[in-house]
Amino acid sequence: MKHTGKMLVLTALTVGLLLLGFQSALADGTQAGTQIDNTVTIHYDVGTEAQTPITAPTYTFYVDRKIDLTVEAQDNDPVSVIPGQDDQALVYVIQNTGNDIYDIYLDITTYVNADGPITLGNGSDYTDSFDASHVGIYYDTDSSGDYSAGDVEITTSYLDNMGIDESRTILLVYDIPTGLDDEEVAIYGLTGTPLPDGGSPGTTFDDDSGNADTAGDGTNATIQNVFADTTDGVTGEESDVSAFMVVSAQITVTKESEVISDGVSTSNFKAIPGAIVEYTITITNSGHVAASNIAVTDSLATEIASGSILFVENGYAADYGISVNQNGGGEVAYTNADDAAIGGVTADWNITAANTVTVTGLSVNANDGTNNGETTVKFRVEIQ
């Protein structure tokens, strides 16, 4: 028996893909947990007849969490401070470069001398040599780049709810102790670690880099974590360092004497009775900043009481017994009677204190990169 029948022939197939609700290529800023819905519809013909379009069930996945931040010191070079200054700031900018809102825990590292050389942003190495007194951590509320009265203190150990791409300027504020030498350095590091909102130190995000992607089944709403930068470990933390450097006057003082006449010889004078001896007090500054308001007191009370010397009251002119050369500006003679200041400097003999040379208001310039600053005070005595 012969069988006959009809064969269905697919003469043309037209497929149209329509992705409904699919967002454009995901940028870093697409927030974690965002729901992405995809729907595909197929259009096709059988023979010359258009068939009913077929729409697949909507496919859903959720954007995972990219954890990333930056911590950057704003000063490549050490911040210059003066001994005794209060409320000095190291400035850092912290930015959330991930795709979710999270807290950032702050941790300060106080370096010590034993840590050895630390490289700052300028590429140079510095070694810690002193500790400043920590005042607090503040927001740079007025955007001044340093600490001021209006800046708000951060009283928690973390920055709360850092938004996507948000940056905040942080001030580490310290008081600088006195008694420091020029070019001493204090180094501090700041580390930021992302925490789940409301978390506490130690409750960092889980690292899901080794786990299977949960977005692939279209139904799982679990948000997985990816640490974008693992150079500091798989906690997402970032850090940077900054430093204070003392810029101060570095003062030394010397006193020398020279026999300038002895009443007998015409040269090679000797320290014999009747000889005139000139004292020179030299104040030298090898530091980075000038020193001011310097006072010199040199008591001759013991020597005069013993009868060994007398102060020469007319050493540089009648009643001018003191000579000052301030910062190489030339010798200026001063009377013994505490006259009005010359160039801000006053000098007297036996007035401010008995049998004492007193000079006030002196200054000495900083080292200019080649030469130290220098100021001298001279007076003369006669050997009895």
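Bear in mind these aren't lab numbers, they're just calculated from the coordinates by the rules spelled out. Just so we're clear, the structure is a prediction, and the values are computed from it rather than from any experiment. Cβ atoms come from the backbone with ideal geometry, glycine included; neighbour counts cover every protein chain shown.
The figures follow:
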read-out	value
Mean-position separation - Cα centroids, region 243-298 and region 131-193, in angstrom	44
Footprinting exposure proxy for HIS288, HIS43 (fewest neighbouring C-beta atoms within 10 Å first)	HIS43, HIS288
Sorted by Cβ neighbour density within 10 Å, fewest at the top, the residues ASP125, ASP107	ASP125, ASP107
Longest segment of the chain lacking trypsin sites (Lys or Arg not before Pro) that sit in a DSSP loop with at most 13 other Cβ atoms within 10 Å	7-269
Set of aspartates and glutamates with alpha-carbon distance to LYS378 below 15 Å, sequence-local pairs under 8 removed	GLU256, GLU258, GLU278, ASP298, GLU313, ASP319, GLU331, ASP348
Identified option (computed log10 I(q)/I(0) by the Debye sum over Cα atoms at q = 0.07, 0.10, 0.12 Å⁻¹; candidates (1) -0.60, -0.84, -0.99; (2) -0.40, -0.74, -0.96; (3) -0.60, -0.93, -1.08)	(1)
Highest-fluctuation residue, SER363, SER124, SER242 considered, GNM on the chain with Cα pairs under 10 Å	SER124
Under 11 Å, Cβ to Cβ, from THR34 - net charge with Lys/Arg +1 and Asp/Glu -1	-2
Percentage relative contact order, the chain, counting C-alpha pairs under 8 Å, at least six apart	14
Mean residue ellipticity (222 nm) of the chain, computed from DSSP H runs ≥ 4 via -39,500 (n - 2.57), nearest 500	-500 deg cm²/dmol
